[in-house]
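Encoded as structure tokens, the structure appears first; notes follow it.
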Amino acid sequence: MKYLLSAINKGVYFVILFAIAGFMGFCGLYLYLGPHLPNVDSIRDIRLQTPMTVYSQEGELIAEFGDKRRIPVTLGEVPQTFIHALIATEDKRFYEHSGVDFLGVMRAFVNNITTGTRSQGASTITQLVARNVYLNRKKTFTRKFREMFLAWKIESEISKNEILELFINKAHFSHRAYGLGAAAQVYYGKELGELELHEAAVLAGIPKGESIYNPISNPDRALERRNHVLGRMLAEGYINQEQYQSAIEQPVDTRKHGADVSFSAPYLAEMVRRDMIERFGREAAYNNGLRVFTTVNNKLQVAAQAALRQSLLEYDERHGYRGPEQTIEAIETLSNDDLQSYLESLPAVALLHPAIVTSVQDQSFSALTLDKQTVELTWEDIKWASPFISSDARGPAPKTAADIVKKGDVIRLLAKPDGAFKLSQIPEVAGGFIALKPQTGAIEALVGGYDFSLNQFNMVTQARRQPGSNIKPFIYSAALEKGYTAASVLNDAPFVKEDKTAEDFWRPKNDSGRYKGPTRLRDALRFSNNSISVRLMNAINPAYAEKYLLNFGFPDEYMDPYTSLALGSASFTPLEVVRGYAVFANTGYQVEPYFIERIESANEEIIFQAEPVQVCRPCEEQLAKQAEMTAVAELTSDTEPSLTAGATEPSNQPTDWTVDYSTDEPLQPLPALPIDENKIAKRVVDERNVFIVNSMMQDVIHRGTAWRQLHNSQSPLLKRQDIGGKTGTTNDAKDAWFSGFNGDYAATAWVGFADYSLTLGNREYGGKAALPIWQKFMELALADKPHNAMAQPQGIVTARINQETGKLANSQTEKTIFEIFRSEYLPEKEPETTLPGQDDPFGEVF
């Protein structure tokens, strides 16, 4: 007994000694690790990394960018079913322990010893928060203790509900979904309140092992994990047997959902992404939850995208069918599932559905589509498909469906409004379209190509192309500044200029190949006459014209002072072209295009607000008046003696001021305007010049190169008197343009091939290839808007002229028309044959 008591005493002694040593070691670890733990402030101010979101001007989501997709939520927004599932599975004593569950640790220790496995862990939700927020997942001795110490510290500083909310927002659910809000969107495309019990159980099971238990990558393991979660919920009394049974009978049916984008504007969204990285750096742009509100308009963006896509498909169809994307040989040996898998591997292309031809009849064929349907295409839907030979030639028209397709062909189908399908193909031709507000430069619609997924190159901002005749209105405007008028006559005849550097001759030709002799400038612009444009350029001097074009915002480095500039030999982007046309649309002011209206922080605080220069005629008039009155005040204050009531104007006062001298007080300058002068757009072109050029471009619409397309399509735009525009086609039809405007919008459409060596075809030109894009957009954009034409400015007179000579008509002139002029540039009158004793009549001026 004595020896037994001695042994017991020794055992107790060693246990106590061991406990003391352990306690001291634990304290030592704390003293070593404690100073390196995060401080209280950082625990309370944990920043959730959330993606950048991009919105339209109406607040509709356009795009989302970020390394981590996260939708922060409050605990009150989280369904109780998920909270119960999480606690029952991960930490059933969450509301009882102080950060570390020692009972759970002992239970896991015993289980792992008895089973010889590591099947159970003992980490609490608080420890998981510590790990997710501050630590890494590397399994080391010190990391586990840091996790425990940090868990205690977190529990001492913030509440249980705050900890739970933090975990729910920080947990990784795989597929870039961080937090429950994002997970519900990614896996089910639902808001949190829409989740059903079985779906909440699936999501609650993912954090245990996001790569193993997520239902997209591992549906079988996810099902097993979900049923375990439901079992734990039943065992803890959170659900009853009936709910449990109903939930486990549901399949795990999920797919990856993208951000809930309201409409597509990918090219503009990419412009925003690049801009934000340049402003804030990649890390902050992608993870700080910035909210970017753009200038793009929902309705107009959708209209622009539809107009561009439809017009490019129409061009493509005009030039014939290039054949299937490929042909599947021995299609009879493949099952529908095999064909379906192949279709799913094909890239998605806007509007165009992939399909495989399964049978061919006389004048129809059947095809299997991506949604597992077999559709039949009638002759009406395929007869257009004459073989493509070149941009200028097509093969013979097909007589049977077999002339077009064969069994196994992989094709594209275009859905029609009636639900049927039409044979189509991915267009190889490229295009771009942009529309902006001419008063501010705000970009309201921008489409940089047919489909962003096919080609991310932005044809609006990055494609530097020759504008062709789209540049002519600017050259004509330069000529008006030199004293030319819309009635000035130049000779439309072949033009030859020697190029001494190349020892050659330059012979520009009219597109029609015909010449009309003496032609007024109004008619020359209306019919886009080339020979007169180059003669006009020679007359005003190319160097002067180049300098004048700078007023419209065209970059000097991409144009040279040569005569060929009159035909568009410069290189401009559609964005630069529309900026120039905005000057005509806003009566003569230069504005700067912009696309970001404001930027908000994750807390919805405005950190950037656009302050564009904008057209403000009343502001401009007030500033001019203020400057005038200030000058007068300075003059009168220097005059001795000061003016008194009844005094007359002193001889040393300027006689052209309109000044009230009836007061005995010196005149004072007007109070400062509440608007920043730097935010008022500067006038760069005389408004009378703009008014005349606008009227000439209105003729392009109603009587010129744009008229045929608008007339043939019975466009309602022909009923409007407030729109003007200009077609443009370059040599060999490599580029086709149309730019046009009214007081509400300035817009430019461009069509061409990305490969500059390719031509659109000798029957394609601006009025045929590009104008339809602009037309479709403007018809919708202006449908509910009143006419918004430029008002006639002072100093414009209307005169009756000789239609052939452009001179003022007299009573004997037979062919007369009315023309508008700046008052100081009225032309000479026609000489009149008079009899002796008769007065010499003067041409009418109104």
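Every read-out reported here was derived from the displayed coordinates using simple, explicitly stated rules and does not represent laboratory data. Everything numeric in this text was worked out from a predicted model, so none of it was measured. In this analysis, Cβ positions are derived from the backbone assuming ideal geometry, glycine residues included, and neighbour counts consider all displayed protein chains.
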Exercise. Where in region 61-101 is the amide nitrogen less than 16 Å from a point lying 7 Å along the Cα-to-Cβ axis of GLN243?
Worked result: 78-89
Seminar exercise, completed: Label model pair LYS160, TRP506: point-to-point distance (7 angstrom along the Cα→beta-carbon line) in nm is 8.5 nm
For this session: Can you put VAL632, VAL296, VAL302 in order of Cβ neighbours within 10 angstrom, beginning with the fewest?
Result: VAL302, VAL632, VAL296
Problem set entry | Förster radius 35 Å - calculated FRET efficiency between ASP755 and GLU376, Cβ distance, rounded to 0.05 | 0.45
Seminar exercise, completed: The exposure ranking of ILE411, ILE606, fewest beta-carbon neighbours within 10 Å first, is ILE606, ILE411
Seminar exercise, completed: Output for region 241-295: GluC sites (Glu not before Pro) sitting in coil per DSSP, at most 15 other Cβ within 10 Å, listed by number, reads GLU249
Exercise. Fewest first, what order do HIS711, HIS172 take by the number of other Cβ atoms within 10 Å?
Worked result: HIS711, HIS172
Problem set entry | Residues of region 437-455 with amide N under 20 Å of a point placed 7 Å along Cα→Cβ from ILE277 | 448-449, 452-455
Problem set entry | Neighbour-limited loop hits for trypsin sites (Lys or Arg not before Pro), region 720-798 (at most 13 other Cβ within 10 Å; DSSP other than H, G, I, E, B) | ARG763
Seminar exercise, completed: Low-density loop chymotrypsin sites (Phe, Trp or Tyr not before Pro), region 251-309, at most 15 other Cβ within 10 Å, DSSP non-H/G/I/E/B, are PHE263
Exercise. What ranking, highest mean first, results for peptides 472-479, 303-310, 329-336 when packing means the other Cβ atoms within 10 Å averaged over each residue?
Worked result: 472-479, 303-310, 329-336
For this session: Subtract the Cα-Cα distance of ARG703 and ASP220 from 0.36 nm times their separation in residues, and report this length gain in nm to one decimal.
Result: 166.9 nm
For this session: Report the extension gain between MET629 and ALA783 in nm, rounded to one decimal, defined as 0.36 nm multiplied by the number of residues separating them, less their alpha carbon distance.
Result: 51.0 nm
Problem set entry | Those aspartates and glutamates that a straight Cα-Cα span of less than 16 Å connects to LYS679, excepting residues fewer than 8 apart in one chain | GLU592, GLU597, GLU611, GLU620, GLU621
Exercise. Which one of VAL360, THR327, ILE389 is farthest out on the positive end of the charge dipole of region 322-424, using unit charges on Cβ (Lys, Arg +1; Asp, Glu -1) and the Cα centre as origin?
Worked result: ILE389
For this session: Could you check the simple spin-label distance between ASP560 and ARG617, using points 7 Å along Cα→Cβ, in nm with one decimal?
Result: 4.1 nm
Seminar exercise, completed: Residue by residue through region 332-346, the couplings from Karplus 6.51 cos²θ - 1.76 cosθ + 1.60 with θ = phi - 60°, in Hz, x for Gly and Pro, are 5, 7, 9, 7, 4, 5, 5, 5, 5, 4, 5, 4, 5, 7, 7
Exercise. In nm, to one decimal, how far is the modelled label at LYS516 from the one at ASN491, with both set 7 Å along Cα→Cβ?
Worked result: 1.8 nm
Problem set entry | R0 of 60 Å, Cβ-Cβ distance VAL684-LYS399: FRET efficiency to nearest 0.05 | 0.50
For this session: Give a residue-ordered list of calculated ³J(HN,Hα) values for region 148-163 (Karplus: 6.51 cos²θ - 1.76 cosθ + 1.60, θ = phi - 60°; whole Hz; x for Gly, Pro).
Result: 5, 4, 5, 4, 4, 5, 4, 5, 7, 10, 10, 6, 4, 5, 5, 5
For this session: Between SER335 and ILE606, take the C-beta separation as r, use R0 = 51 Å, and let me know the FRET efficiency to the nearest 0.05.
Result: 0.30
